[in-house]
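For reference, the structure is listed below as structure tokens.
The values are calculated or read from the model by the stated rules, or taken from the named source; none is laboratory data. Computed from a predicted model, the values in this text were never measured in an experiment. Note that each Cβ is placed from the backbone with ideal geometry, even for glycine, and that neighbours are counted across all protein chains shown.
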Amino acid sequence: MVCTVCAVAAHAQGNYEIQVYGADTVAPRSTMVELHSNFTAEGHPALDGVAATNHAEHETVEITQGINDWSEVGFYIFTSEQSGLGAQWVGDHIRPRVRAPEKWRWPVGVSLSTEVGYQRALFSPDTWTWEIRPIIDKTTGRWYFAVNPALERTWHGPDVNQGIGFSPAVKISYDFTKQITGGLEYYADYGSITNIASLHNQQQQFFPAIDLNVSPKWEINFGVGVGPTSATDHWIVKGIVGRHFDWGKQKQ
Amino acid sequence: MKPTIKMRPEGNVRDSTASRRAFLRNTSLAAGTLMARGPFAWTQNMPIASLPSAASGAKTDTTLEISEIEWELAPKKKIRTTAYNGQIPGPLVRVTEGKPVSIEIVNRLDREEIVHWHGQWIPVPVDGAMEEGSPMIPAGGRTLIQFSPRPAGLHWYHTHAMAHRDLKRGLYSGQFGILHVAPASGDPGAYDQEQFIVLHDWEPYYTASDDGSMMVSYVCGSVNGRMLGHGEPIRVREGGRVLFQILNASATEAHWLALPGHKFQVLAMDGAPVATQATVETLRLGPAERITALVTMDSPGVWVLGEPRKDFRDAGMGVVIEYAGRSGKPQEPGTEKLIWDYRVFGDSTPAVYTPDATIPMVFTSRFKGHGALDEWMINGKSWPNTDAIIVHEGLRYRLVFDNRSMDDHPVHLHRHNFELMSVGGASTGGVHKDVVIVEAGTKVAVDVVATNPGDTLFHCHQQDHMDMGFMALFRYAQVNKA
């Protein structure tokens with residue numbers, strides 16, 4: 001998951017970028033600009049000096065620049081808006097990513113992302129975090145599968161001593177038409193890999209989601225998530241709108 | 001379509017021999033003098049087919065042996081593929097128009113194969129298309145075919161086997177070579193040097209295309225079986241006239257070619273002389289297209305004849321042209337504009353024909369998933385669930401290709417050629433071909449005269465499109481001789 005700014009503490013969930021990564025990278029000489037809009041319809045109240053997620057609107061701008069046919073760099077600007085706090089800057093992350101080039105002709109897409117960033121203590125007690133995210137995906141016929149077994153590490157904050165946390169994400173989808181793809185996304189945070197949290201304290205989210213493939217220039221994703229465990233925000237509505245911009249001469 | 005049999009109207013069929021003579025005459029005139037024919041040369045060491053026959057008793061002029069080989073595209077790039085006579089491209093087969101030729105084909109593979117004689121107006125049993133009824137060559141088997149080559153010009157032979165999802169088969173492999181048919185009247189040879197150029201792409205893989213469907217991309221490309229910088233350069237002399245005989249044998253990719261500092265005078269396309277020998281800066285060849293072009297070597301130096309598009313050139317699509325006494329780093333193309341219009345080679349005042357019937361052919365695709373190849377259809381039907389198109393011998397048919405898809409299609413008609421009548425709505429004439437690229441969202445109209453009875457395959461020459469149903473059969477109506 002992608003709760004890229006979330007620390008693994010049970011009530012510090014982020015919900016700023018909710019997306020299962022595919023292995024593709026942004027093409028060289030092009031830029032992807034995405035707006036992630038997530039509204040927590042039923043979340044958690046403010047606790048221990050950390051802002052509530054309940055009824056919070058999180059807007060994240062993600063800008064990804066393609067470097068070559070096997071790497072890209074992404075940059076995030078996280079914001080939050082909620083009653084009593086107004087619009088707030090939450091933090092920024094940077095995310096370099098490499099992939100196995102297509103010309104290696106591997107049977108599955110493979111990519112490795114790493115993400116480093118800061119978020120204000122008001123929104124996450126763990127202010128500096130690092131994540132490494134292997135990405136494996138496969139498209140076959142109308143089906144698409146993606147797995148992101150991400151590992152997280154807190155560099156500054158109460159969870160420094162927790163060690164490495166495990167936050168997998170999975171997506172399975174089906175092409176109903178060329179334009180409409182529907183599927184299920186799963187996001188979780190199991191806590192430390194050496195001390196898996198109880199189910200009660202794990203974050204578990206399921207998002208039935210739709211991807212609209214209206215144009216190669218645009219990426220559109222919409223989903224509604226349910227979190228069945230007490231540590232998880234219970235209802236979240238998410239949307240992603242992305243636009244590709246090409247710079248210079250592209251491969252023909 | 002008219003239900004009755006008619007004789008071919010006089011004047012509706014271009015006399016290809018006369019046209020060819022005109023082409024050669026024009027070429028000679030352009031040269032100012034009739035020059036002695038220069039040496040034939042492959043870029044690399046590609047011998048003319050001359051293997052001894054393995055058939056018992058039968059006299060053969062040429063033997064093609066299909067086998068699996070390891071081929072060195074570059075010192076650090078070896079591939080395993082299948083090829084003819086252990087070489088890529090296969091041996092140059094030189095024959096003379098109208099002079100019968102016997103060719104033995106030996107299949108050393110563990111699967112059936114078939115060899116198509118692309119561009120030849122020959123009978124179904126030897127054309128090499130199982131959809132027409134040509135026999136397959138069994139695994140480990142051999143066959144002897146005989147035919148009288150026609151028409152003259154630059155043609156080729158290649159496997160006509162399906163590949164489907166196996167990217168080692170069909171035209172993804174190295175099973176291709178040039179068939180050059182010399183005119184029966186002789187070749188005056190208004191050039192100093194004849195150079196065969198065969199383009200091919202290697203190591204295919206599936207990738208997502210911009211339109212959301214799967215497509216085939218390649219790791220590398222080659223000219224005459226070598227990646228750019230790894231074959232012998234083509235050596236030329238200043239002032240020489242080089243006749244380039246160029247074939248795009250790629251399974252799916254159209255290619256552009258440019259030679260910086262030089263221009264191409266296009267003499268023929270798909271073996272047929274063009275009405276106007278226009279001079280152009282770049283050449284575009286769809287899969288299976290051929291161009292015969294004359295280049296006057298008037299810009300001494302070391303150059304790359306190759307793809308103007310850097311990505312393709314970096315992948316190996318090019319060959320070095322080296323003037324005598326010159327050395328240094330080859331200068332690469334790249335600034336040329338990618339412009340191609342078949343009509344510049346047409347008649348300025350094209351003849352107007354009235355076809356006996358017009359046959360619309362609408363090209364569409366059906367989405368099968370972002371991880372699958374599209375299914376291709378002609379008039380709403382996909383091979384083999386198509387209806388044969390019935391034609392009558394002697395009649396002129398106008399085929400109107402209406403490409404409603406997002407892909408370009410290099411469509412090919414077996415055992416016949418056709419004349420371009422309009423491209424993108426603009427009239428033309430005098431350009432005879434057997435492959436034409438119908439660009440996405442455009443129409444091309446061609447006239448074909450039904451002069452070679454027998455089932456005749458029509459298909460997109462992109463291997464993946466052909467494999468996914470982009471084929472149809474023209475069937476000659478039976479004549480009741482009673």
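Output the residues belonging to segment B:221-230 that are in a loop (DSSP other than H, G, I, E, B) and either in contact with a Leu (Cβ under 9 Å, 6 or more places away or on another chain) or not assigned by TED's automatic domain parsing to the domain that holds B:GLN331 (or both).
Here is the first cut: in segment B:221-230, the residues in a loop (DSSP other than H, G, I, E, B) are B:224-225, B:227-230.
Hits for segment B:221-230 are B:ASN224, B:GLY225, B:MET227, B:HIS230.
Being at pLDDT 95 or above, surrounded by fewer than 21 Cβ atoms within 10 Å (Cβ to Cβ) and of a type in the set (Ser, Thr, Tyr) narrows it down to one residue among B:THR276, B:THR335, B:THR292; which is it?
Values: B:THR335 fails: at pLDDT 95 or above; B:THR292 fails: surrounded by fewer than 21 Cβ atoms within 10 Å (Cβ to Cβ).
Of the residues listed, the single one that is at pLDDT 95 or above, surrounded by fewer than 21 Cβ atoms within 10 Å (Cβ to Cβ) and of a type in the set (Ser, Thr, Tyr) is B:THR276.
Restricted to segment B:107-123, and to residues that are surrounded by fewer than 20 Cβ atoms within 10 Å (Cβ to Cβ) and touching a Lys or Arg at 6+ places or on another chain (Cβ under 9 Å), which residue is farthest from B:ASN224 (Cα to Cα)?
Among them, the one singled out is B:PRO123.
Could you check B:HIS370 against (1) within 14 Å of chain A (Cβ to nearest Cβ); (2) farther than 30 Å from A:LYS138 by Cα and say which number it fails?
(2)
Quick one: which of B:GLY261, B:GLY334 is touching a residue at least 24 places away in the same chain (Cβ under 8 Å), of a type in the set (Gly, Ala, Ser) and within 14 Å of another protein chain (Cβ to nearest Cβ)? Can you show your working first?
Numbers: B:GLY261 fails: within 14 Å of another protein chain (Cβ to nearest Cβ).
Checking each option against the conditions leaves just B:GLY334.
What are the pairs, 6+ residues apart or on separate chains, where a residue within segment B:402-415 that is assigned by TED's automatic domain parsing to the domain that holds B:ALA426 has its Cβ under 8 Å from a residue that is among the hydroxyl-bearing types (Ser, Thr, Tyr) and in a loop (DSSP other than H, G, I, E, B)?
Listed pairs, sorted by first residue: B:ASN403/B:THR442.
Can you name the residue in segment A:238-252 that is farther than 16 Å from A:THR25 by Cα and within 14 Å of chain B (Cβ to nearest Cβ) and, of all such residues, is modelled with the highest pLDDT?
Applying the first criterion (farther than 16 Å from A:THR25 by Cα) to segment A:238-252 yields A:238-241, A:248-249, A:252.
Now drop any that are not within 14 Å of chain B (Cβ to nearest Cβ), which leaves A:248-249, A:252.
Values: A:GLY248: 64, A:LYS249: 53, A:GLN252: 42.
Result: A:GLY248.
Out of A:ILE135, A:ILE164, A:ILE180, A:ILE172, report the one residue that is more than 14 Å from chain B (Cβ to nearest Cβ) and within 30 Å of B:MET214 (Cβ to Cβ). Outline the logic, then answer.
Working: A:ILE164 fails: within 30 Å of B:MET214 (Cβ to Cβ); A:ILE180 fails: more than 14 Å from chain B (Cβ to nearest Cβ); A:ILE172 fails: more than 14 Å from chain B (Cβ to nearest Cβ).
That would be A:ILE135, the only listed residue that is more than 14 Å from chain B (Cβ to nearest Cβ) and within 30 Å of B:MET214 (Cβ to Cβ).
Please go through segment B:306-344 and pick out each residue that is among the charged types (D, E, K, R) and touching a helix residue (DSSP H, G or I) at 6+ places or on another chain (Cβ under 6 Å). Show your work before the answer.
Step one: list which residues in segment B:306-344 are among the charged types (D, E, K, R), which gives B:307, B:309-311, B:313-314, B:322, B:326, B:329, B:332, B:336-337, B:341, B:343.
B:GLU307, the sole residue that qualifies.
Which of the residues belonging to segment B:218-243 are surrounded by fewer than 20 Cβ atoms within 10 Å (Cβ to Cβ) and within 14 Å of chain A (Cβ to nearest Cβ)? So that I can check it myself, show each step before the final result.
Step one: list which residues in segment B:218-243 are surrounded by fewer than 20 Cβ atoms within 10 Å (Cβ to Cβ), which gives B:219, B:229-230, B:232-233, B:235, B:237-240.
The answer is B:VAL219, and nothing else.
Looking only at segment A:181-209, how many residues end up being in a strand (DSSP E or B) and under 24 Å from A:ILE135 (Cβ atoms)?
Step one: filter segment A:181-209 for residues in a strand (DSSP E or B), giving A:181-189, A:191-192, A:195-196, A:203-209.
Then keep just the ones that are under 24 Å from A:ILE135 (Cβ atoms); that gives A:181-189, A:191-192, A:196, A:203-209.
So the count comes out to 19.
Against the condition among the aliphatic types (A, V, I, L, M) and more than 14 Å from every other protein chain (Cβ to nearest Cβ), how does A:ALA100 come out, does it pass? Please lay out each step first, then the result.
Working: among the aliphatic types (A, V, I, L, M): yes; more than 14 Å from every other protein chain (Cβ to nearest Cβ): no.
Taking the combined requirement at face value, the residue does not satisfy it.
List every residue pair whose Cβ atoms sit under 6 Å apart, with the two residues 6 or more apart in sequence or on different chains, where the first one lies in segment A:140-151 and is farther than 20 Å from A:ALA188 by Cα and facing another protein chain (nearest Cβ under 7 Å) and the second, anywhere, is outside any strand (DSSP E or B) and modelled with pLDDT under 95.
Pairs that qualify, where the first residue is farther than 20 Å from A:ALA188 by Cα and facing another protein chain (nearest Cβ under 7 Å) and the partner is outside any strand (DSSP E or B) and modelled with pLDDT under 95, are A:GLY141/B:GLY369; A:GLY141/B:ALA372; A:ARG142/B:GLY369.
How many residues does segment B:190-206 contain that are within 14 Å of chain A (Cβ to nearest Cβ), of a type in the set (Ser, Thr, Tyr) and either crowded, with 18+ Cβ neighbours inside 10 Å or over 19 Å from B:SER173 (Cα atoms) (or both)? Write out each step before concluding.
Filtering segment B:190-206 down to residues within 14 Å of chain A (Cβ to nearest Cβ) leaves B:201-206.
Of the ones still in play, those that are also of a type in the set (Ser, Thr, Tyr) are B:205-206.
Going one step further and asking which of them are either crowded, with 18+ Cβ neighbours inside 10 Å or over 19 Å from B:SER173 (Cα atoms) (or both), we end up with B:206.
Of the residues in segment B:190-206, 1 are within 14 Å of chain A (Cβ to nearest Cβ), of a type in the set (Ser, Thr, Tyr) and either crowded, with 18+ Cβ neighbours inside 10 Å or over 19 Å from B:SER173 (Cα atoms) (or both).
Out of everything in segment B:376-389 that is at pLDDT 95 or above and surrounded by fewer than 16 Cβ atoms within 10 Å (Cβ to Cβ), what residue ends up being farthest from the other protein chains (Cβ to nearest Cβ)?
The extreme case among them is B:ALA388.
When you check A:ASN54 against the structure, is it within 14 Å of another protein chain (Cβ to nearest Cβ) and more than 17 Å from A:ILE240 (Cα to Cα), yes or no? If you could, list the steps in order and put the result at the bottom.
Values: within 14 Å of another protein chain (Cβ to nearest Cβ): no; more than 17 Å from A:ILE240 (Cα to Cα): yes.
It is false that A:ASN54 is within 14 Å of another protein chain (Cβ to nearest Cβ) and more than 17 Å from A:ILE240 (Cα to Cα).
Can you tell me which condition B:HIS164 does not meet? The list is (1) assigned to a loop (DSSP other than H, G, I, E, B); (2) on the phi < 0 side of the Ramachandran plot, and all the others hold.
(2)
Does B:TRP383 count as aromatic (Phe, Trp, Tyr) and closer than 30 Å to A:LEU212 by Cβ?
On the way: aromatic (Phe, Trp, Tyr): yes; closer than 30 Å to A:LEU212 by Cβ: no.
The answer is no for B:TRP383.
If B:ARG165 passes every condition in (1) farther than 25 Å from B:LYS78 by Cβ; (2) surrounded by fewer than 24 Cβ atoms within 10 Å (Cβ to Cβ) but one, which one does it miss?
So the condition that B:ARG165 fails would be (1).
So, A:PRO216, is that one closer than 26 Å to A:VAL61 by Cβ and surrounded by fewer than 18 Cβ atoms within 10 Å (Cβ to Cβ) or not? Spell out how you get there, then give the answer.
Working: closer than 26 Å to A:VAL61 by Cβ: yes; surrounded by fewer than 18 Cβ atoms within 10 Å (Cβ to Cβ): yes.
Taking the combined requirement at face value, the residue satisfies it.
Exactly one condition in (1) in contact (Cβ under 8 Å) with a residue 40 or more places away in the chain; (2) of a type outside the set (D, E, K, R); (3) surrounded by 16 or more Cβ atoms within 10 Å (Cβ to Cβ) is false for B:THR143; which is it?
Among (1) in contact (Cβ under 8 Å) with a residue 40 or more places away in the chain; (2) of a type outside the set (D, E, K, R); (3) surrounded by 16 or more Cβ atoms within 10 Å (Cβ to Cβ), the lone unmet condition for B:THR143 is (1).
Can you pull out every residue in segment A:216-237 that is within 14 Å of another protein chain (Cβ to nearest Cβ) and at pLDDT 90 or above? Show your work before the answer.
We begin by selecting, within segment A:216-237, every residue within 14 Å of another protein chain (Cβ to nearest Cβ); these are A:216-220.
Matches in segment A:216-237: A:LYS217, A:TRP218, A:GLU219, A:ILE220.
If only one of B:ASP311, B:ASP298 is outside the structural domain of B:TYR397 (by TED's automatic domain parsing), among the acidic types (Asp, Glu) and without any contact (Cβ under 8 Å) to a residue 40 or more places away in the chain, which one is it? It would help to see each step written out before you state the result.
On the way: B:ASP298 fails: without any contact (Cβ under 8 Å) to a residue 40 or more places away in the chain.
B:ASP311 is the lone residue from the list that is outside the structural domain of B:TYR397 (by TED's automatic domain parsing), among the acidic types (Asp, Glu) and without any contact (Cβ under 8 Å) to a residue 40 or more places away in the chain.
Can you tell me how many residues within segment A:56-107 are surrounded by fewer than 17 Cβ atoms within 10 Å (Cβ to Cβ) and of a type in the set (Ser, Thr, Tyr)?
2
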